[in-house]
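Structure first, commentary second.
The values are calculated or read from the model by the stated rules, or taken from the named source; none is laboratory data. Since the model is a prediction, treat every value here as computed from it, not as a measurement. Counting neighbours? That spans all protein chains shown, and the Cβs are built from the backbone with ideal geometry, glycine included.
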């Protein structure tokens, strides 16, 4: 029997019960993939992050309840919180080596800031009919990167979506982003990834790798304030850095404990 530490951190929020919950499991060395996936399924959160390393440099992997993913923002933010507050108290910068290259987390006052690769979208209007059927409302524009991105005219269009998740899962992309200009923020979004075992993600860092370049160009500004309009909700402070994006937010510990596998 192996005992492992587990930290449950709510990311992109200053208080628990909002933002996006992630589990972080520090490891001395990598366990078999089936064990990692079993832990993620048992946690039943959108993402579980596993980290191996020390001294400000770690390897990181992320798993949903059903599969491994190549990039995850909120669980990386949560992992940074665990490093700075538990594993290396007082630290202010950490690098995570991942399937998407090196990713850094740095302290910025009360915020933790992610440095992530930009994933600018390209027009993809040929999927408009299928996407409209899946989301239940025709978007103004459709774009594509890792995910499809449906752009609407009004915040309430996005908040009012009741997607057909079976149809969303059948689309030929990892997930679907819905976005629109915000009333109190530069833009809002929602994120649906039923094919990955996540019907609606509360706050999605990786989707902002696509959202930030789009809204930066459209609004003519590099610094942006964003809100993900899920039931839990979460705020993100964003910056377009060209081939990289900066995504910052807060984090709050909900739980820490020991698991046995």
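For residue 227, state whether it is assigned by TED's automatic domain parsing to the domain that holds residue 127, part of a strand (DSSP E or B) and either surrounded by fewer than 21 Cβ atoms within 10 Å (Cβ to Cβ) or out of contact with any strand residue (DSSP E or B) (no Cβ under 8 Å at 6 or more places or on another chain) (or both).
Yes, satisfied.
Regarding residue 93, is this residue surrounded by fewer than 17 Cβ atoms within 10 Å (Cβ to Cβ) and either more than 18 Å from the chain's Cα centre (by Cα) or free of Cβ contacts under 8 Å to residues at least 12 places away in the same chain (or both)?
Considered against the rule, which asks whether it is surrounded by fewer than 17 Cβ atoms within 10 Å (Cβ to Cβ) and either more than 18 Å from the chain's Cα centre (by Cα) or free of Cβ contacts under 8 Å to residues at least 12 places away in the same chain (or both), residue 93 comes out as yes.
A quick yes/no check of all residues on (1) assigned by TED's automatic domain parsing to the domain that holds residue 70; (2) at pLDDT 95 or above:
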residue: 103; (1), (2): yes, yes
residue: 111; (1), (2): yes, yes
residue: 144; (1), (2): no, yes
residue: 148; (1), (2): no, yes
residue: 155; (1), (2): no, yes
residue: 161; (1), (2): no, yes
residue: 173; (1), (2): no, no
residue: 189; (1), (2): no, yes
residue: 194; (1), (2): no, yes
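Look at the range 72-101 and say how many of its residues are touching a strand residue (DSSP E or B) at 6+ places or on another chain (Cβ under 7 Å) and assigned to a loop (DSSP other than H, G, I, E, B).
Of the residues in that region, 3 qualify.
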